[in-house]
Amino acid sequence: MRHLNVHIIETGNRYGTMNTSTVKDANQKTPEERRTAFLENRKQAAVHYGFHPLKFYVPSQNKGVPYAILTEEMIAQEEDGWDLDIPADVLIVTDKTPNAVVGYPVADCMVLMMADLKNGVTATAHCSAAMVDQFLPKLTLEALKESYDSQEENILIYGSACAGSDWTYDSYPAFATHEEIWEQTGALKEENGIYRIDLRKAIMAQLELEKYHHVLFNPADTITDAHFYSHHMEKKNPKKYGRHFAGAFYKKR
């Protein structure tokens, strides 16, 4: 998807798994072999989409840092961006760092992206259920407003594929601590002792989407769609074991 030079990508499983921990092959046992396999997968994706395979940035969440902005100075710190520790709940990429992609390897969680089409910046957030419970979708917007004075009318919202209606728990999920996010929105329902979660609904309810002119959510269900990995399904179907990548980057003009 392209709009004013921002490129939003979802690899699915076509290039293999998009992190080192889920590389699974009898011939790739050591950490270095797994890392090499992961890099080869990135290279395939990079050729298709047009980003640099070593400029690949994923932040570490839950470290008390609301957001970070990827800069040229940060990129220069490590040859491979995968090795750069970026403590942040939201990572922002700008048109000042072309061909550097930011995002997250996921399997059922949504990656939420908010592109400020006026300022040439895009915020990315890994919206696991636990992070949604911490109001991460709202915090993503606040990161753009605080750092770039972004206005709703200039923001494009994109939500990646995520788990659909088959995502269930057999007991009340521990992540759901805010009733206004889950029960009151209908994003969490109990049916005959089974708790059904609608992650997409919980995220959309936080965003007040009527304020935005450009909104697109990928309707694909990672649990049932053969083109995506799924943490929920990987024990039942080994082919679903892995992580796909969703993120954003800017190409050099």
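Every read-out reported here was derived from the displayed coordinates using simple, explicitly stated rules and does not represent laboratory data. Just so you know, these numbers come straight off a predicted model, no measurement behind them. Cβ: placed from backbone, ideal geometry, glycine included. Neighbour counts: every protein chain shown.
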**Item:** Count of lysine pairs in the range 64-211 with Cα separation under 16 Å (8 or more residues apart, or interchain)
**Value:** 6
**Request:** Among the lysines, select those whose C-alpha is under 26 Å from the C-alpha of Lys239, and discard any that sit fewer than 8 residues away in the same chain.
**Result:** Lys24, Lys29, Lys43
**Message:** Expected output is a single nm value to one decimal: the length gained when fully extending between Arg196 and His227, i.e. 0.36 nm times separation in residues minus the C-alpha distance. What is it?
**Reply:** 8.9 nm
**Asked** Listed highest first by mean packing, meaning other Cβ atoms within 10 Å per residue, what order do 169-182, 113-126 come in?
**Response** 113-126, 169-182
**Asked** Given a cut-off of under 8 Å on Cα pairs at least six residues apart, what relative contact order in percent is computed for the range 51-97?
**Response** 51 percent
**Request:** Using only the alpha carbons, work out the radius of gyration and Dmax of the range 134-221 in angstrom.
**Result:** 14.6, 47
**Request:** Under 10 Å from the Cβ of Val121, count the other residues' Cβ atoms, weight Lys and Arg +1, Asp and Glu -1, and hand me the total.
**Result:** 0
**Prompt:** Taking the Cβ of Leu136 as the center, what net charge do the other residues with Cβ under 13 Å away carry, scoring Lys and Arg +1 and Asp and Glu -1?
**Reply:** -2
**Request:** Counting only DSSP beta bridges with both residues in the chain, tell me the antiparallel percent, nearest 5.
**Result:** 75 percent
**Request:** Quote the charge dipole size of the range 46-98 about the Cα centre in Debye, to the nearest 20; the model charges only the Cβ of Lys and Arg (+1) and of Asp and Glu (-1).
**Result:** 200 debye
**Order of Phe56, Phe38 under a 10 Å beta carbon neighbour criterion, fewest first** = Phe38, Phe56
**Complete:** Rounded to the nearest 500, the 222 nm mean residue ellipticity computed for the chain from DSSP H runs (n ≥ 4, each -39500 (n - 2.57)) alone is -6000 deg cm²/dmol
